[in-house]
Every structure is written in structure tokens, then in C-alpha cells.
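Novice: Here you go, one structure.
The values are calculated or read from the model by the stated rules, or taken from the named source; none is laboratory data. Computed from a predicted model, the values in this text were never measured in an experiment. Neighbour counts are summed over all protein chains in view; Cβ atoms, including those assigned to glycine, are modelled from backbone coordinates with ideal geometry. All accessible areas refer to the heavy atoms of the entire protein, side chains included, with ligands and DNA or RNA removed. Shrake-Rupley method; radii C 1.70, N 1.55, O 1.52, S 1.80 Å.
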Amino acid sequence: MKSSVEFKQLYASKTPASRELSERAQQVLPAGVVANVKYFAPYPLFMQRASGSHLWDADANEYIDYCLAFGPLILGHGHPAVVHAVQESLAAMGTTVFGTPNELEIRYAEKLMSMLPVSGKVRLTNSGSEATYLALQLGRAATGKPAIARFEGHYHGWHYEGVLSNTPSATLYGDARQPASVAGSRGTPASILADTLVLPFNDLEACRTLLTAHRDRVGTVIVEPSPRGFYQTDPAFLEGLRRLTQELGMVLVFDEVMSGFRAGPKGASGVFGVQPDLMTLGKIIGGGFPIGAVAGRADLLDLTSPLSPGGSVFHSGTFNGAVQVLAAGLATLEVLSDESQMVPFYDATEHFKADIQQLLRRHQIPGHVAGLGANFGIIMSRTPIRNYRDLANEDGALREAFDFACLTEGIYVHPHKPFYTSLAHSLQDFEVTLEKLDHIFNAIS
Ligand SMILES: Cc1ncc(COP(=O)(O)O)c(C=O)c1O
């Protein structure tokens with residue numbers, strides 16, 4: 001059985017150019033990265049080129065990409081329809097951003113809303129973090145209540161509330177049925193810790209007790225309906241949360257930045273048949289460009305209007321609705337609404353997941369494949385992950401060996417993160433990957 005130490009040695013020997021670039025980057029960029037998610041120890045890979053489902057790093061090692069920039073590239077890198085839309089929009093409109101309204105914004109919003117399981121209106125932002133930030137502000141303005149509730153282990157972006165109790169340590173997280181509010185970012189103000197109620201996922205009775213006790217302060221509940229692409233959501237829990245928030249007059253926000261168009265064609269809301277008041281989106285809907293969106297009840301979205309009678313929830317952004325973002329996003333949405341392409345894609349991913357599960361079983365690896373649709377995790381534990389604390393059951397050493405074995409075998413997944421698939425992944429890509437996984441499972445078992 002090979003350990004993570006051996007795979008890390010192999011990683012170092014195959015990737016000297018990335019190590020050098022990382023050392024240089026650290027002189028000018030904190031930890032050598034522009035976003036924390038891109039970092040992993042001992043140093044991340046520096047990619048140089050991409051095409052379809054493949055990546056090449058600075059040492060010219062080739063990878064099949066199962067990270068896809070953490071999800072957005074559901075059509076793969078450089079999809080012809082996206083490239084064409086970007087080039088054509090620049091040629092036809094002559095700019096990257098107008099700073100005025102333009103018709104493309106209307107077409108984009110109409111198309112997006114026609115594909116979502118919620119009806120109403122939509123506001124665009126530049127990232128998923130901005131979208132969740134806006135959704136929480138809308139909830140506060142609509143209910144007049146300052147506090148929000150969020151779930152332990154879920155991620156809603158890098159702002160204070162987005163990352164609070166995202167990965168709390170066992171020494172701080174308190175009682176499972178009444179989780180503590182733990183800062184996820186240094187410098188989090190005490191007022192934000194006090195005004196953020198942390199809930200346990202999949203435990204409706206605990207949520208009922210906590211939300212009822214705090215109903216005078218809490219007006220908004222935000223949740224990832226299919227968290228992190230690998231938690232197992234109890235459908236009755238989501239339905240119960242919907243009913244409970246309605247009873248208590250709270251605004252329910254489904255954060256589908258990750259699960260939108262990945263859990264299924266209508267996201268996790270579509271899979272579970274539960275509708276939130278507001279839905280946040282990002283990643284996929286920009287076709288590989290920076291975007292976010294808040295969609296849902298028109299009375300809530302209209303609070304952003306400068307014409308709002310009681311004063312508006314101030315929301316703005318120089319680059320909101322930038323031309324190439326919307327052109328790339330619209331081209332992507334067109335493909336996503338073509339069932340003749342999407343049904344075979346989801347089917348192929350399901351087969352791929354089942355084949356991985358079978359391999360795990362054959363090699364007697366204590367692991368399982370979890371997640372909805374085209375975003376899934378290979379979890380090194382036999383028990384399902386139903387909430388953040390279940391992650392402690394994962395075999396950390398096995399997980400680390402697996403992550404670095406993937407990188408050295410030419411499977412690109414960011415350590416500890418889920419897998420994503422794209423329409424650019426061919427059946428041959430999946431076959432090659434299964435052969436590589438066969439080797440890897442053999443080596444780590
Ligand atoms: C569920 C969820 N919400 C919000 C975000 C933040 O989105 P962004 O990275 O575009 O700011 C992410 C990013 O991974 C996410 O997965």
C-alpha cells in the first residue's frame with residue numbers, strides 16, 4: 001500500500017516548474033494565489049493551457065480536468081459556442097461593458113428565468129459571494145430582522161456570514177443540536193457572530209427549536225440544498241424547512257451557486273421539488289466568466305429598485321451585466337436547454353459514478369460516491385455524509401493518498417474537493433479515468 005508521502009514525492013518530481021512558479025508568486029501574491037480556494041500544500045499546480053476536458057500544466061503534464069474551475073465550465077474549456085458568442089459580441093457591440101442598460105441584459109434575464117424553478121425577477125452580480133450577500137440583505141430588508149440563520153458546514157462565499165461555521169473545529173463547534181457560531185474569517189465582528197444563528201443540517205426538529213426560539217431576531221434562512229456536492233440531503237428535511245420558514249414568516253434562500261444546473265437541469269430545487277423564496281446562482285450561468293444572480297419573488301427583488309416606495313436595498317456594480325459575460329452565459333444557457341445534449345450528459349455521468357462505486361467495492365476501499373448529478377464526491381468513508389460533523393468519519397490519510405495519486409496519474413481534482421463533469425468529457429475520457437482509478441485504488445488499498 002502506497003502512502004500519501006510517496007505520492008507527494010512523485011508529485012514533486014513531476015511538477016518542478018509549478019513549484020518554481022509558486023515560489024515566485026509568493027513574493028508578490030499572498031501564498032502565491034489570488035483566491036484561497038486555489039491553494040493547497042505543498043504548492044498548487046500552475047496550468048498553462050486547456051482544451052475541452054483537458055489541462056496542461058507548466059511542466060507539460062496532461063490532465064483530464066474534473067475540477068473545471070470549481071464547477072462553471074459545464075461545457076468544458078473553450079466550447080465553440082461560447083468562444084463564438086464572446087468574439088461576436090465584441091465585434092458587434094464594440095465594447096466589453098456599456099455602463100448603461102442594453103438589450104442583451106433583458107434577453108439574458110428572460111432566458112435564465114425561463115429555465116429556473118422559481119418565478120419572479122432576477123438581479124445580476126459579479127460572483128456567487130455577491131449574490132448571497134445581496135440575498136441576505138433582501139431578507140433583512142423584507143423582514144426588518146437583523147439576524148440570519150445558516151447551516152454548519154455550508155459555504156456561501158467569502159464574506160463573513162458566507163464562511164462563518166463553514167469549517168469550524170471540533171473544539172469550538174459545541175453541541176450538535178445547537179451549533180456554536182464560529183468565525184470562518186479572522187476579524188469577524190462580534191455583532192455578526194451574535195446575529196448569525198447556526199443550524200444543524202438534516203435535523204428538522206433541532207431547526208424548529210432553534211428558529212422558533214430566535215424568531216424575533218432571525219428573518220432569513222440560507223441553505224445549500226445539496227451541500228458541497230456530496231452531503232446526502234433528506235428530501236423530507238428540505239420540505240420541512242420550507243414549511244417551517246413559511247410558518248415563522250422567514251425568507252428562505254436556496255444557495256444554488258454550486259448545484260444550479262449541476263444537481264439536475266433545474267438544480268437541487270428541481271430535484272427535490274421544493275421552492276425557495278430566493279435562489280442564488282453563479283458559476284455555470286456565466287459560461288466561464290464572473291457572474292452571480294439572485295432570482296425569485298418579485299416583491300423581494302423589487303426592493304433593490306431605485307423606485308422602491310420605502311427606499312431601496314442599495315445594490316450596484318460597475319461590471320454587472322458586462323457584455324461578454326452575458327454573451328457567454330446566454331450561449332451556455334442555450335446548450336443547457338437542449339435536452340438532446342443534456343440527457344445523454346447526465347446519463348453518462350451517472351454511469352461513470354456507478355462504475356467508480358463498483359471499483360471502490362472491488363478494491364475494498366472504504367469509500368463511496370455521493371452527490372447529485374454532475375457534481376459528486378468520492379468520500380473515503382462508508383457512512384454517508386449527512387452533516388458537517390460526519391466528515392470526521394473520513395479516513396484522512398487515505399483521502400490524501402487518493403488526492404495526490406489522482407494528480408500524479410493525470411486526473412485533475414483539487415485535493416479535498418468534489419468532482420465535476422462537463423459535456424466535453426467523452427466516453428473515452430471516462431474509460432481512461434476508470435483505468436487510472438483502478439491503478440490508484442490498487443495502489444492505496
Ligand atoms: C454554494 C456556494 N455559494 C457561494 C459561492 C461563492 O461563489 P463565488 O466563488 O463565485 O464568489 C460558492 C463558491 O464555491 C458556492 O459553492
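Novice: Restricting the search to segment 122-144, which residues are surrounded by fewer than 20 Cβ atoms within 10 Å (Cβ to Cβ), part of a helix (DSSP H, G or I) and either outside the structural domain of ASN320 (by TED's automatic domain parsing) or in contact with a strand residue (DSSP E or B) (Cβ under 8 Å, 6 or more places away or on another chain) (or both)?
Specialist: Within segment 122-144, ARG140, THR143 qualify.
Novice: Return the residues of segment 10-28 that are open to solvent by 60 Å² or more (accessible area, probe 1.4 Å) and over 17 Å from ILE411 (Cα atoms); say none if nothing qualifies.
Specialist: Scanning segment 10-28 gives ARG19, GLU20, GLU23, ARG24, GLN26, GLN27, VAL28.
Novice: One residue is enough: does segment 211-226 have a residue meeting the conditions open to solvent by 40 Å² or more (accessible area, probe 1.4 Å) and under 25 Å from the mean Cα position of the chain (by Cα)?
Specialist: no
Novice: Restricting attention to segment 101-120, and to residues there that are under 14 Å from GLN324 (Cβ atoms) and part of a helix (DSSP H, G or I), which single residue is most open to solvent (accessible area, probe 1.4 Å)?
Specialist: GLU105
Novice: Sticking with this structure for a sec: Only one of (1) open to solvent by 10 Å² or more (accessible area, probe 1.4 Å); (2) within 16 Å of the ligand (Cβ to nearest atom); (3) more than 30 Å from ALA85 (Cβ to Cβ); (4) not basic (Lys, Arg) fails for ALA236. Which number is that?
Specialist: (2)
Novice: Mind checking which residues of segment 65-100 are without any contact (Cβ under 8 Å) to a residue 60 or more places away in the chain and either under 21 Å from SER337 (Cα atoms) or part of a loop (DSSP other than H, G, I, E, B) (or both)?
Specialist: Matches in segment 65-100: GLY78, PRO80, VAL83, GLY94, THR100.
Novice: Any residue in segment 252-280 that's within 16 Å of the ligand (Cβ to nearest atom): show its pairings with residues that are assigned to a loop (DSSP other than H, G, I, E, B) and hydroxyl-bearing (Ser, Thr, Tyr) at Cβ separation under 6 Å, as long as the two are six or more apart or on different chains.
Specialist: SER259/SER226; ALA263/SER226; GLY267/SER259; ALA268/SER226; ALA268/SER259
Residue-by-condition table, conditions (1) of a type in the set (A, V, I, L, M); (2) at pLDDT 95 or above; (3) open to solvent by 40 Å² or more (accessible area, probe 1.4 Å); (4) not assigned by TED's automatic domain parsing to the domain that holds PRO168:
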{"residue": "ALA348", "(1), (2), (3), (4)": "yes, yes, no, yes"}
{"residue": "ALA354", "(1), (2), (3), (4)": "yes, yes, yes, yes"}
{"residue": "GLN364", "(1), (2), (3), (4)": "no, yes, yes, yes"}
{"residue": "HIS368", "(1), (2), (3), (4)": "no, yes, no, yes"}
{"residue": "ILE379", "(1), (2), (3), (4)": "yes, yes, no, yes"}
{"residue": "ARG382", "(1), (2), (3), (4)": "no, no, yes, yes"}
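To keep it simple, each residue is scored yes or no on (1) at pLDDT 95 or above; (2) among the basic types (Lys, Arg); (3) at negative phi; (4) away from the ligand (no atom under 16 Å from the Cβ).
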residue	(1), (2), (3), (4)
LYS121	yes, yes, yes, yes
GLU130	yes, no, yes, no
ILE148	yes, no, yes, no
LEU193	yes, no, yes, yes
LEU210	yes, no, yes, yes
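Novice: Here is a follow-up. Give just the number: which of (1) over 16 Å from GLY282 (Cβ atoms); (2) in contact with a strand residue (DSSP E or B) (Cβ under 8 Å, 6 or more places away or on another chain); (3) within 16 Å of the ligand (Cβ to nearest atom); (4) touching a residue at least 40 places away in the same chain (Cβ under 8 Å) does GLY153 not satisfy?
Specialist: (2)
Novice: Go through segment 252-261 and give me each residue that's among the aliphatic types (A, V, I, L, M) and open to solvent by less than 10 Å² (accessible area, probe 1.4 Å).
Specialist: LEU252, VAL253
Novice: Determine if segment 156-165 includes at least one residue that is crowded, with 22+ Cβ neighbours inside 10 Å and away from the ligand (no atom under 16 Å from the Cβ).
Specialist: No, the conditions are met nowhere in segment 156-165.
Novice: Are any residues in segment 262-290 among the hydrophobic types (A, V, I, L, M, F, W, C), open to solvent by 10 Å² or more (accessible area, probe 1.4 Å) and closer than 23 Å to GLY78 by Cβ, and if so, which ones?
Specialist: Answer for segment 262-290, where residues must be among the hydrophobic types (A, V, I, L, M, F, W, C), open to solvent by 10 Å² or more (accessible area, probe 1.4 Å) and closer than 23 Å to GLY78 by Cβ: just PHE289.
Novice: Also: Go through segment 407-420 and give me each residue that's out of contact with any Gly (no Cβ under 9 Å at 6 or more places or on another chain) and within 16 Å of HIS368 (Cα to Cα).
Specialist: Residue satisfying the conditions is HIS416 alone.
Novice: Which residues, counting only those in segment 1-25, are in a helix (DSSP H, G or I), within 13 Å of GLU400 (Cβ to Cβ) and among the hydroxyl-bearing types (Ser, Thr, Tyr)?
Specialist: SER4, TYR11
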